[in-house]
Amino acid sequence: MPLALVTGPTSGIGRAFAQALAAQGHDLFLVSKNQERLDAVAIDLRDRFGVIVRTECADLTQRSDIERIAESAAKEPIDVLVNNAGFGIKGGLLSTSVADEQRMLDVLTTAVLHLSHAALPGMVERGRGYVFTVSSVAGWITGGTYSAAKSWATVFTESLAVELSGTGVRAVAVCPGFTRTQFHQRAEMDMESVSDWMWLDGQSVVATALSDARAGKTISVAGPQYKALAGLLRVLPRPLVRRATGVRQTSDRFPRAR
């Protein structure tokens, strides 16, 4: 049976990917930093779909754990890699610690780079496979380090798509907007002002991504509202995007020099 490696599979988009791939008959290699939640997901997916589920507890903010999982990915016959693990932090660069910013970058970029580099040679050799990297519509705005990391993820995926042309392997950047997951709660972000029509669910994001992958698309945006927004953000003048979406520093914490 085909094998899929999914990072961050215990909730949200990662959980939806794991479920959708299990339903298609993929055995699973699930990676998360919470072993208890991993075990619960593994039991559920084994019972519901009859697939083999292997779990590895790893903290992808740690280079040693990234390298350990990458080493396993290089040895396993991975058919689908889902780079989903991630988190956000509240505030701009001047209101956060550099350690937290670096941890976020490690998960959103370094882990993606290492796992993709490890899994892709085997896919190319076998002439089949998919690499899904969960990016974001935020990659087209100016939302601090998170936006910059998601911009990297999208361009990295586009570059892979060009490099992989003709190999039978495809790379897809999954670029959702606001999605009902635990992402915002964990970052202690107040999202009450976001209208209901702006919210997506993980299942629809994943269904769109899988459909777009089969259609040969490199960038997958779910929901008509975000398809329109993504198109607009890519043609608007950047000064306008900066004014509309930029993260502003907190003036009371960082007073102006006298």
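The values are calculated or read from the model by the stated rules, or taken from the named source; none is laboratory data. Predicted, not measured: the structure shown is a model, and the values here were computed from it. All Cβ positions, glycine included, derive from the backbone under ideal geometry; neighbour counts span all protein chains shown.
Listed values, structure above:
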read-out: Unique match (being within 18 Å of Ala209 (Cβ to Cβ), assigned to a helix (DSSP H, G or I), small (Gly, Ala, Ser) and out of contact with any Ser or Thr (no Cβ under 8 Å at 6 or more places or on another chain)) among Ala70, Ala119; value: Ala119
read-out: Residue match in segment 52-74 (condition: within 18 Å of the chain's Cα centre (by Cα) and under 18 Å from Pro2 (Cβ atoms)); value: yes
read-out: Qualifying residue in segment 15-36 (condition: of a type in the set (Lys, Arg), more than 20 Å from Ala119 (Cβ to Cβ), in contact with a strand residue (DSSP E or B) (Cβ under 6 Å, 6 or more places away or on another chain) and part of a helix (DSSP H, G or I)); value: no
read-out: Of all residues making up segment 211-233, the number that are at pLDDT below 90 and in contact with a strand residue (DSSP E or B) (Cβ under 7 Å, 6 or more places away or on another chain); value: 1
read-out: Of residues in segment 156-178 being touching a residue at least 12 places away in the same chain (Cβ under 8 Å) and in a helix (DSSP H, G or I), the one farthest from Lys217 (Cα to Cα); value: Phe156
read-out: Residue match in segment 91-106 (condition: among the basic types (Lys, Arg) and either outside any helix (DSSP H, G or I) or more than 23 Å from Val205 (Cβ to Cβ) (or both)); value: yes
read-out: Answer from Ala209, Ala228 - the residue that is exposed (fewer than 15 other Cβ atoms within 10 Å of the Cβ), among the hydrophobic types (A, V, I, L, M, F, W, C) and in a helix (DSSP H, G or I); value: Ala228
read-out: Which numbered condition Val98 misses (of (1) over 16 Å from the mean Cα position of the chain (by Cα); (2) surrounded by 15 or more Cβ atoms within 10 Å (Cβ to Cβ)); value: (2)
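For every residue, the table says whether it meets (1) modelled with pLDDT of 95 or more; (2) surrounded by fewer than 21 Cβ atoms within 10 Å (Cβ to Cβ); (3) charged (D, E, K, R).
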{"residue": "Leu60", "(1), (2), (3)": "yes, no, no"}
{"residue": "Ser64", "(1), (2), (3)": "yes, yes, no"}
{"residue": "Glu67", "(1), (2), (3)": "yes, yes, yes"}
{"residue": "Lys75", "(1), (2), (3)": "yes, yes, yes"}
{"residue": "Ile78", "(1), (2), (3)": "yes, no, no"}
{"residue": "Val82", "(1), (2), (3)": "yes, no, no"}
{"residue": "Phe87", "(1), (2), (3)": "no, yes, no"}
{"residue": "Gly91", "(1), (2), (3)": "no, yes, no"}
